[in-house]
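Here the structure is laid out as structure tokens; the discussion comes afterwards.
The values are calculated or read from the model by the stated rules, or taken from the named source; none is laboratory data. What you are looking at is a predicted structure, and each value in this text was computed from that prediction instead of being measured. Here the Cβ positions follow ideal geometry from the backbone for every residue, glycine too, while neighbour counts run over all protein chains shown. When the accessible area is computed, the model is the full protein with side chains, heavy atoms only, and any ligands, DNA or RNA have been set aside. Shrake-Rupley method; radii C 1.70, N 1.55, O 1.52, S 1.80 Å.
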Amino acid sequence: MDAILELKNVTKYYGSGSVVTKALDGISFSVRKGEFTAIMGASGSGKSTLLNVISTIDRVSAGEIRVEGRLLTAMKEKELSLFRRDRLGFIFQEYNLLDTLTIGENIVLPLNLKKLPYEKSVQELHSVAKTLDVTEQLDKFPHELSGGQRQRVGIARALAVSPEFIVCDEPISALDVSIQAQVINMFEDLQEEMGLTYLFIAHDLSVVKHISNRIGVMYL
Ligand code: ADP
Ligand code: MG
């Protein structure tokens, strides 16, 4: 039973005094390596907050989060930034590509941050671009791509660093249904090939239910 992620009584408040929002109220669950966990819930139920505290973009107000037994919630900023850089792939709802960089430069950016040798970065770029079928787009700029292509680039960028753990915040809701299915099939292949673990916020369960090992629902 190798849990890659464990949450214990995770609580997150926003604001202070009389205007406190309790976005997460004592959440506990764990995810095993290689599992695909889908999370659903109404708008405002705390899904994005949950991913943000797991990916250490935001801090918990109380509770514990462990990744491979290491207590994230006790780590200092320096250690956390290494964790984000080396272990985690974050795929956002809005693709978050940088408009002034080419597609290739966008994908390679996290590898540069990781100070990977140039040749290795180029190798990794081409391999991940091939997987995501964006090789033809590498010299273009984000505005020259369709929504589906941009999202594939966002996914390529997340995968380029070879993360073990992928968190996705409604990564496909903005895409056409046929492209959604393509992206999910690709996730499925990567899960098998690389043993990736996913935590996936799903807007529409129909596209992910066949690959979900577990489905969690968050209530307001
Ligand atoms: P979901 O992703 O499920 O729609 P969120 O996690 O974005 O929900 O939000 C959960 C609750 O926390 C909402 O009531 C939202 O208004 C509040 N919230 C989210 N982020 C912030 C923030 N940075 N500051 C204050 N309140 C926030
Ligand atoms: Mg959200």
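Annotations
- Pairs with Cβ under 7 Å, 6+ apart, first in the stretch 92-121 and over 21 Å from residue 171 (Cα atoms), second modelled with pLDDT under 90 and part of a loop (DSSP other than H, G, I, E, B): 111/161; 114/161
- Filter result for residue 169 (touching a residue at least 40 places away in the same chain (Cβ under 8 Å) and under 26 Å from residue 202 (Cα atoms)): yes
- Hits in the stretch 2-28 - residues which are open to solvent by 50 Å² or more (accessible area, probe 1.4 Å) and either among the basic types (Lys, Arg) or closer than 14 Å to residue 67 by Cα (or both): 2, 6, 8, 22, 28
- Residue among 57, 27, 65 that alone is within 16 Å of ligand 2 (Cβ to nearest atom) and modelled with pLDDT of 90 or more: 27
- Checked against the criterion of being within 23 Å of residue 188 (Cα to Cα) and among the β-branched types (Val, Ile, Thr), the candidates 65, 91 yield just one match: 91.
- When restricted to residues that are among the basic types (Lys, Arg) and within 24 Å of residue 198 (Cβ to Cβ), the stretch 98-156 contains 4.
- Of all residues making up the stretch 17-56, the number that are on the phi < 0 side of the Ramachandran plot and either without any contact (Cβ under 8 Å) to a residue 12 or more places away in the chain or of a type in the set (Lys, Arg) (or both): 10
- The listed residues are 88, 71, 98, and the only one of them that is open to solvent by 40 Å² or more (accessible area, probe 1.4 Å), more than 19 Å from residue 9 (Cβ to Cβ) and away from ligand 1 (no atom under 16 Å from the Cβ) turns out to be 98.
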